[in-house]
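The values are calculated or read from the model by the stated rules, or taken from the named source; none is laboratory data. Every value quoted in this text rests on a predicted model; they were computed, and no experiment measured them. Cβ atoms come from the backbone with ideal geometry, glycine included; neighbour counts cover every protein chain shown.
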Amino acid sequence: MSQVEQNIETGSLSSASGSQTSNDVTHITEDPNFSLDPDSAFDDAINKLDDMTLEPDSEIPDMTSADADDSGSRDDDQDDEKVDAKRKGVTIQSSKQDGKKPLSRTAKKPSLFDKLKRLTKFEKKPKGSRDSNFSKFRGIKIDRLPVYFVAKYIGSMETKGVFGLEHVRGPVDELVGKVKDDLISMDRVELPLCYVVFSSKGIDMREHPSNKMKDKIPFGLHPIDFISYGVQDMKYWRVFSFIVVNELGYKKKKTECHAFIADSTQNARKMALALAACFSVYKKKLKAEGKTHNFQVELRPPDELAGDLQDDVDA
């Protein structure tokens, strides 16, 4: 067993504590005789992908690498009082000692990285947050594995974290931005077309027969042991992304964010739920072996996440 697998399985890494439990992932039935049998239903999906547009579904600022660099080294364990004070921009004063004049400073305005990090870390729904029952994605469920989708692969980028909205938003913005730039200069951009298969083994990226972009995608299985996080993007709702842990140790960490464009926002939602189902099955396996797995999928729908982020920005 590799060091990465040991670290993940023994729970020595922090969990994505903000991920909410969801009734959208119910009892999972696994099909031992699964085979990938494309049918005509995928033709419509491919046509939608060919008519690809990448306009944002919610008004969220672009996440830049500077945002992450500015905040990535901050202490993850700041207490809630300091974080709340920082959010409100209040003055923090030191206690008066030895007759010296108290020192004071104005807290720095939190960056987008900080806001996304805080949004990820909610153990419970914050007061005043939106109700998922009013989401346009309510009622979408996954109850069986394996399940597969046709999608276009946007690409991958290194990221600094193992989980959290703050570690996928930046890569997604940069990857989508590159595609948009290419669309401006070339009118049409070809992206690798693939099947994305979700099973208890992990996420298997298989080439679609109609794919024209050879050698542009890392086809093959990303084992469930190495996947730490997944989410339907809160800005581009047709985008699903996940983080793979390639190397993990006390002094070195190498993680990578992979992103796909689904043919619809509903299928992007299903992809997130499918990964949650994979984790659910895997978690039961580890529990039977006396082990734990701390990683989860962000199950709050993107319209709820975007709304809660906007409320934070407006506060």
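For the reader, a short list of remarks on this structure follows.
- Among the criteria (1) more than 21 Å from the chain's Cα centre (by Cα); (2) crowded, with 17+ Cβ neighbours inside 10 Å, the one S210 does not fulfil is (2).
- For beta carbons closer than 6 Å, sequence separation of 6+ or different chains, a first residue in region 155-182 that is farther than 20 Å from P218 by Cβ and a second that is modelled with pLDDT under 90 and of a type in the set (F, W, Y), the qualifying pairs are E166/F113.
- Verdict on A272 being surrounded by 15 or more Cβ atoms within 10 Å (Cβ to Cβ), part of a helix (DSSP H, G or I) and at pLDDT 90 or above: yes
- Check on G139, part of a loop (DSSP other than H, G, I, E, B) and more than 20 Å from C257 (Cα to Cα): yes
- On the stretch given as region 280-298, residues that are surrounded by fewer than 23 Cβ atoms within 10 Å (Cβ to Cβ) and either at pLDDT 95 or above or aliphatic (A, V, I, L, M) (or both) total 3.
- Which numbered condition E190 fails, given (1) at pLDDT below 90; (2) crowded, with 22+ Cβ neighbours inside 10 Å: (2)
- Residue among A277, A306 that is more than 23 Å from F34 (Cα to Cα) and either in contact (Cβ under 8 Å) with a residue 24 or more places away in the chain or surrounded by fewer than 19 Cβ atoms within 10 Å (Cβ to Cβ) (or both): A306
- Residue satisfying all of: in region 280-303; in a helix (DSSP H, G or I) and touching a residue at least 24 places away in the same chain (Cβ under 8 Å); nearest to the chain's Cα centre (by Cα) among these: P302
- Verdict on A66 being at pLDDT below 50 and in a helix (DSSP H, G or I): no
- Test: D233 is crowded, with 24+ Cβ neighbours inside 10 Å, among the charged types (D, E, K, R) and in contact (Cβ under 8 Å) with a residue 60 or more places away in the chain: yes
- Contact annotation: no residue pair with Cβ atoms under 7 Å, 6 or more positions apart or on different chains, pairs a residue in region 32-54 that is within 14 Å of V197 (Cβ to Cβ) with a partner that is outside any helix (DSSP H, G or I) and at pLDDT below 75.
- Some residue of region 202-217 being closer than 30 Å to L119 by Cα and in contact with a helix residue (DSSP H, G or I) (Cβ under 8 Å, 6 or more places away or on another chain): yes
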